[in-house]
Amino acid sequence: MNSTALRRLTVVQFRLQLREPAVILFGMALPIALVTLFGLLPSFREHSKDFGGLRLIDIYVPTLAVLTPAILALTALPVSLATFREKGVLRRLSASPVPVAGLLGAQLAVICVSVAVTSGGVVAIGGLVFGARAPEHPAAAVAALALGSAALLGLGLVVAAVAPTAGTASAAGVPLMILNFFFAGLYVPMQSLPHTLVRIGEFVPLGAMTATASGRGSTAEHLAVLACWALAAGAAAVRFFRWE
């Protein structure tokens, strides 16, 4: 598939995504809405000794910035591909001029753009509007977002590979998403958890991503963890993925 055809297919996939209210509202609008809501709460703008002088908004911006890749990669992507397989769309595409790999590439491109826009929006609103602390190492935070997104997309493809139906894909992807949310500190700030749980969380994709952005622990270790996840999940997705 040439670049023009891939670009057109990507535009089509983007339009299809816009027709899915759940993806737009939950995957993209929710993080923006949460950072705005949290920033408006007086308690989130007060410095706390329990968090080393940080404010809750400082702690939650890195967490909210990485929600979109987890939501789209672990729910939207596997459910979409499982639905296509279940309905025979992938099998029919294999006999058409549009290669199935092109469809997958277009979907991944749309997700990556969505992640960049939403994560950038969360950081911009948190920093410019509410004065949230910027990442200690911006380049490392961007690298963590890229590697972590690749890891989550790989996990999403693994779910899609083994799920025979859209329902099964959702049943497998949602618990993975919730687990990542927990270790990213969405439900309870990681600073409030026992050290053992914090360390375990740093070996989970979203946990390593937020730890990098927050400046907790070894940046090199977090990036290495994310790279390993990306490679392992990508290899597993290639090994087990089936088109029909």
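Below, the figures for the structure above:
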quantity: Flag if Ala213 is farther than 30 Å from Leu54 by Cα, crowded, with 16+ Cβ neighbours inside 10 Å and either of a type in the set (Ser, Thr, Tyr) or modelled with pLDDT of 90 or more (or both); calculated: no
quantity: Options Ala230, Ala208, Ala236: the member that is at pLDDT 90 or above, more than 16 Å from Thr75 (Cβ to Cβ), surrounded by fewer than 18 Cβ atoms within 10 Å (Cβ to Cβ) and out of contact with any strand residue (DSSP E or B) (no Cβ under 8 Å at 6 or more places or on another chain); calculated: Ala236
quantity: Test: Leu179 is surrounded by fewer than 24 Cβ atoms within 10 Å (Cβ to Cβ), at pLDDT 95 or above and at negative phi; calculated: yes
quantity: Test for Val225: is it assigned to a helix (DSSP H, G or I) and surrounded by fewer than 21 Cβ atoms within 10 Å (Cβ to Cβ); calculated: no
quantity: Residue list for segment 142-174, restricted to those being open to solvent by 20 Å² or more (accessible area, probe 1.4 Å), within 14 Å of the chain's Cα centre (by Cα) and among the small types (Gly, Ala, Ser); calculated: Ala143, Ala146, Ala150
quantity: Helices (runs of 4 or more DSSP H) contained in segment 51-128 and holding at least 3 residues within 21 Å of Val142 (Cα to Cα) and either of a type in the set (Phe, Trp, Tyr) or at pLDDT 90 or above (or both); calculated: 56-65, 67-71, 100-124
quantity: Among (1) of a type in the set (A, V, I, L, M, F, W, C); (2) assigned to a loop (DSSP other than H, G, I, E, B); (3) more than 18 Å from Val158 (Cβ to Cβ), the one test that Phe203 misses; calculated: (3)
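The values are calculated or read from the model by the stated rules, or taken from the named source; none is laboratory data. Because the structure is predicted, anything quoted here is derived from the model rather than measured. When we count neighbours, we look across all protein chains shown, and the Cβ atoms used for this are built from the backbone with ideal geometry, even at glycine. What goes into the accessible areas is simple: the full protein's heavy atoms, side chains included, and nothing from ligands, DNA or RNA. Shrake-Rupley method; radii C 1.70, N 1.55, O 1.52, S 1.80 Å.
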